[in-house]
Amino acid sequence: MVHTCVVAGCRNRRTPGTTLSFYRFPRDPERKQRWIAAVNRAGWVPNDGSRLCSTHFISAPMCPEMKEPGALENLDKQEARVEAANALLFLQGQGRPVVGERAKEKEQEAIVEESLSSSLSTDEDEDDECLSGSKKGRFSHTSDSQVNFDDILKALKKENQTLRESVEKMSLSESSLKNDAEKVRFYTGLPNYFVLETVMWLLAPHMDGMKTIKLSKFQQLLLTLMRLRLDLRNQDLAYRFGVKVSTVTRTVHQMVSIMSSTLVPTAVFWPSRAELRKNLPAALRSSHPDCAVIIDCFTVPFEEPVSRGNHQQQRAGTGCNVLKYLIGVAPQGVVTFVSRGALGNVSDKSLTEGCGLLCKLLPGDVVLASRDLDIADSVAARGARFKAAGSYQGDAQASSECSPPANASSDSTSVQRHVDKVISMVKQRYAMLTGPIESAFTSASERTSNLSTFDKIVQVACALNNLCISAAPLE
C-alpha cells in the first residue's frame, strides 16, 4: 500500500527504495490529539490510512515547509523524544503512555534507537504492521532478560504427557482395561479383567447375530455393564462410545437378553442338598442343618405406572409405583433364586406362591426368613418347613405359655443381616437396581417368558454378583 505523509506541505511518499519510515496515529486520545496539532491542518481528522513520515521526528531534519514558528520547534528535545518513543511503542503493541521519570526516559530512548533500526518501522501493509506489532509487543518486556525457550519446551512436554495419561485413563478400549483392575471394577463391577474376559468368552458365540456398525463385541458388553453398573443414561453412553442413542438402546436390550439366557443359568442356580450341607456355615449346622434357602423381598421404584399380566389393576398408594421381587439366598451367601417383578401392592404370599420358588423345595428342606411371610402352609404342602427366625415355632401340642428359645433374637438378627447384606451388595454393585426404572425397561419383552427387560437385568445383576469374590456367608 502506498502511503503519503499527511503533514501540511509535506509530499513524502513511501515508494520502493525509500529510506523513510511511516507511522500510524496513536490510539491514545491525548497523544493522538497532540499529533493532530503537529500536523497543522485546521479541522482535519485522521483515518486508519493516515501516516506521518520519519522526517517529522527527532532524529531527522525537518522539511523546509514545516519550519514555521510555534510548530514542532517550540517543543523541547526531551519531550519530542518521549513522543517519538510513545509512537514507536504503540507500533510494538505496548499502548502505554510514557511518564516523565528519568529512569523510564532512558529505557524508552534505548527502545527508540533499537526500533528505528528494525524492520518493524517499515510496515509493508496495515495488516502486516498490526501482526508484527502484536508479536513484538508480546516479548518487549523481556528486553533485559532472555527468554529460556528450553524451559518452556520442557514444561509443554510435561503438560502434554499429563494430558495423554489423563486421556488414557478415560479411554474405554480393551487394552486400557487389561492391566487396570480398578478401572474394571469401576466400570463393570467385576473384580478384574480375567472375570470380564471369562464373561466375554461365554457370551461371544451368541453375539454373532447382533448388528452394530461401530461397536465391537467387547464394546457392546462394556456398554451394557456400564449401563447396569453406573446407571448412565443412553444419551451419556452414546456420547462416550460415539454412536447414536438408538444404537445404545438396541445394544442394551439385546445384550441383556443374551446374558439372561446364557449367563444367568450358569451363575444363578439351585444347589443340590448334598452341596448345601457340605458347605453349610457353622452358624446353621446346629440350629438349622437342613436349611435350603433364606428368602426375602425387595422393591425397586419405577418412573411411571406399568400394567403387566394379572396386575392391571392399580391401587392408590406407593405400592403401585414399585416393582417387588422375591430373592433366595443360600447360607453360603450366593443368590440362588430371583422372581420376576410384580407390582408392589401384591402380597408376599401371592408373590411367593406364584414365582416358582416352591417347586424347587424337597421334602425335609427348611426355608428361613427374618419375618413371617404367611407362606408356612404353602411350604408345608411341598413337605418342607418354613421358619421365621426369632419367632417360636412349637408343635401343635405345645402350650401357649411356652417361651421362645433364648437364641431366637440372635437368629433373627443374623438371618436379617445376611439377606440384607446380599441385597445391598447387589444394589451397590449395580446401581440400576436402585431405580427409578425407565418405562422402556418395564414392558414385557418376550411373550413366552413374560419377563420384562428389567426382570432380566435383576437376574443378570445377581448372576454377575455371584461371579465376584463377594459371598456373604451367614455368621
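The values are calculated or read from the model by the stated rules, or taken from the named source; none is laboratory data. Keep in mind that what you see is a predicted model, and the values were worked out from it rather than measured. Here the Cβ is made from the backbone with ideal geometry for all residues, glycine too, and neighbour counts use every protein chain on show. For the accessible areas, the whole protein counts, side chains as well, though only heavy atoms, and no ligand, DNA or RNA atoms are used. Shrake-Rupley method; radii C 1.70, N 1.55, O 1.52, S 1.80 Å.
Data for the structure
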{"item": "Flag for Thr266 being in contact (Cβ under 8 Å) with a residue 24 or more places away in the chain, under 30 Å from Gly328 (Cβ atoms), of a type in the set (Val, Ile, Thr) and exposed (fewer than 15 other Cβ atoms within 10 Å of the Cβ)", "result": "yes"}
{"item": "Selected residue (criterion: most open to solvent (accessible area, probe 1.4 Å)) from residues of segment 269-299 that are out of contact with any Ser or Thr (no Cβ under 7 Å at 6 or more places or on another chain) and under 20 Å from Ala431 (Cα atoms)", "result": "Thr299"}
{"item": "In segment 414-423, the residues that are open to solvent by less than 50 Å² (accessible area, probe 1.4 Å) and modelled with pLDDT under 85", "result": "Ser414, Val415, His418, Val419"}
{"item": "Matching option when the condition is out of contact with any strand residue (DSSP E or B) (no Cβ under 7 Å at 6 or more places or on another chain), in a helix (DSSP H, G or I) and in contact (Cβ under 8 Å) with a residue 24 or more places away in the chain, among Leu215, Leu225", "result": "Leu225"}
{"item": "Matching residues, segment 424-444, being aliphatic (A, V, I, L, M) and open to solvent by less than 50 Å² (accessible area, probe 1.4 Å)", "result": "Met425, Val426, Ala431, Met432, Leu433, Ile437"}
{"item": "Failed criterion for Ser287 (all others in (1) in a loop (DSSP other than H, G, I, E, B); (2) not hydrophobic (A, V, I, L, M, F, W, C); (3) not assigned by the TED database to the domain that holds Leu358 hold)", "result": "(3)"}
{"item": "Segment 41-61 - residue that is surrounded by fewer than 16 Cβ atoms within 10 Å (Cβ to Cβ) and at pLDDT below 80 and, of those, farthest from the chain's Cα centre (by Cα)", "result": "Pro61"}
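To keep it simple, each residue is scored yes or no on (1) within 18 Å of Ile258 (Cα to Cα); (2) modelled with pLDDT under 55.
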position: Gln397; (1), (2): no, yes
position: Asn407; (1), (2): no, yes
position: Met425; (1), (2): no, no
position: Asn465; (1), (2): yes, no
position: Leu474; (1), (2): no, yes
